[in-house]
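Colleague: Here it is, the structure in full.
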There are 2 protein chains.
Amino acid sequence: MRKVIVYIATSLDGYIATEDDDLSFLSIVEKEGEDYGYTSFMAEIDTVVLGNKTYQTVLDMGHLPHTDKECYVYTRTPRPTTRSPYFYTQPLPTLIAELKQRAGKDIFIDGGAHTIHALLLADLIDEFYISIIPILLGSGITLFKNGRTDLPLQLVSAKSFDTGLVQLQYRRY
Amino acid sequence: MRKVIVYIATSLDGYIATEDDDLSFLSIVEKEGEDYGYTSFMAEIDTVVLGNKTYQTVLDMGHLPHTDKECYVYTRTPRPTTRSPYFYTQPLPTLIAELKQRAGKDIFIDGGAHTIHALLLADLIDEFYISIIPILLGSGITLFKNGRTDLPLQLVSAKSFDTGLVQLQYRRY
């Protein structure tokens with residue numbers, strides 16, 4: 001069964017970006033030749049789901065995200081297209097159900113917080129890779145939003161790097 | 001110099017208790033003979049500072065907290081006493097300055113979130129031990145409150161345990 005996987009970085013105090021979508025805190029763990037497992041993680045992925053705000057943020061940074069994957073942008077604004085990225089306006093559980101009915105590799109949830117929250121509410125996330133950046137940001141956009149039921153997780157691995165990044169992997173029971 | 005140290009457990013989504021101060025999620029990592037370093041940590045401590053709500057919660061659970069330490073309860077309600085626990089009504093930075101002028105072992109900040117926030121605002125925390133419990137609580141009292149400036153930290157260690165608890169130690173640069 002294809003797994004639905006969140007792979008995301010957060011500050012120690014739980015922020016994935018500043019209030020104005022600044023990600024520059026990530027630079028404190030940038031290191032030549034160190035991608036924290038991202039390339040090998042992405043090798044097991046053929047489909048990416050991300051929220052429209054995250055998509056636009058990446059576009060604004062001058063990148064076209066995930067051109068080598070089937071990419072779904074979760075948005076309220078329909079924009080018909082015949083090839084990836086697809087702009088998806090139905091509820092996310094419908095998309096995940098459709099994707100899981102097809103054969104394929106794992107499905108990467110590339111954020112943001114709103115998209116992750118919608119999937120958590122429906123208990124549709126199978127695995128989490130959470131990279132904790134060694135900084136307290138003090139304010140910003142929280143990775144996890146209030147208002148879910150509790151969900152015990154199984155720790156798969158905890159890896160620390162000499163940059164101070166700690167990468168935690170959990171899966172659902 | 002005596003260090004000011006936070007040692008606290010949090011859910012993966014950053015909650016130290018439910019909205020009604022329930023700590024029962026901690027039980028998922030309870031294991032006979034495993035205290036996650038608490039005893040050896042406390043051996044280097046002779047002074048404890050905690051908020052009044054945390055103090056009352058421990059009392060309500062039938063314990064008198066930290067009877068073998070000099071204990072300061074941060075509260076708005078003066079309650080004169082000649083021995084520990086002392087009820088402290090001045091600003092916390094004043095207390096920390098007083099304690100640091102005296103010789104002694106390290107100072108343990110035993111929560112709660114309000115007390116930790118007040119100390120973070122004044123940049124008075126030297127070290128953090130954060131034990132991440134493998135659960136998403138979904139809602140509750142957040143360990144870190146919004147509205148600080150950013151503070152890069154140095155990762156000292158990351159230890160994982162077979163219960164799924166991960167204990168991260170950071171210090172200020």
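Computed from the coordinates by the stated procedures, all read-outs in this text should not be read as laboratory data. Note that the coordinates shown come from a computational prediction; the quantities given were computed from them, not determined experimentally. When we count neighbours, we look across all protein chains shown, and the Cβ atoms used for this are built from the backbone with ideal geometry, even at glycine.
Colleague: Rule-of-thumb check for the protein assembly as shown: C-alpha Rg over 2.2 N^0.38 Å?
Modeller: Relative to the 2.2 N^0.38 Å estimate, the protein assembly as shown comes out at 1.08.
Colleague: Now, a different point. Looking only at A:65, A:85, A:152, which one moves most when chain A is put into a Gaussian network model with springs between Cα atoms under 10 Å?
Modeller: The residue with the greatest mean-square fluctuation here is A:152.
Colleague: Looking at the protein assembly as shown only, what percent of DSSP beta bridges run antiparallel? Nearest 5 please.
Modeller: 45 percent
Colleague: Rounded to a whole number, what is D in µm²/s for the range B:20-158 from Stokes-Einstein with the Kirkwood radius over alpha-carbon pairs (20 °C, 1.002 mPa s)?
Modeller: Estimated diffusion coefficient is 129 µm²/s.
Colleague: Let me know the mean shielding of A:127-135 by other chains, meaning the per-residue number of their Cβ atoms within 10 Å of its Cβ.
Modeller: Taking all residues of A:127-135 together, the mean is 3.
Colleague: Name the chain A residue nearest the rotation axis between A and B, going by Cβ position, and give the distance in whole Å.
Modeller: So the chain A residue sitting closest to the axis is A:14, 2.
Colleague: So the label point sits 7 Å from Cα along the Cα-to-Cβ vector; using that for residue A:19, what distances do you get to the other copies, in nanometres, sorted shortest first?
Modeller: 2.4
Colleague: Something else now. Tell me the distances, shortest first, between residue A:68 and the same position across the other copies, using label points 7 Å along Cα→Cβ, in nm to one decimal.
Modeller: 5.8
Colleague: Assume the label is 7 Å from Cα along Cα to beta carbon: what separations in nm does residue A:35 have to the matching positions in the other copies?
Modeller: 4.6
Colleague: Per DSSP H run of n ≥ 4, the term is -39500 (n - 2.57); total these for the protein assembly as shown, divide by its residue number, and report the mean residue ellipticity at 222 nm rounded to 500 deg cm²/dmol.
Modeller: Result for the protein assembly as shown: -5500 deg cm²/dmol, rounded to the nearest 500.
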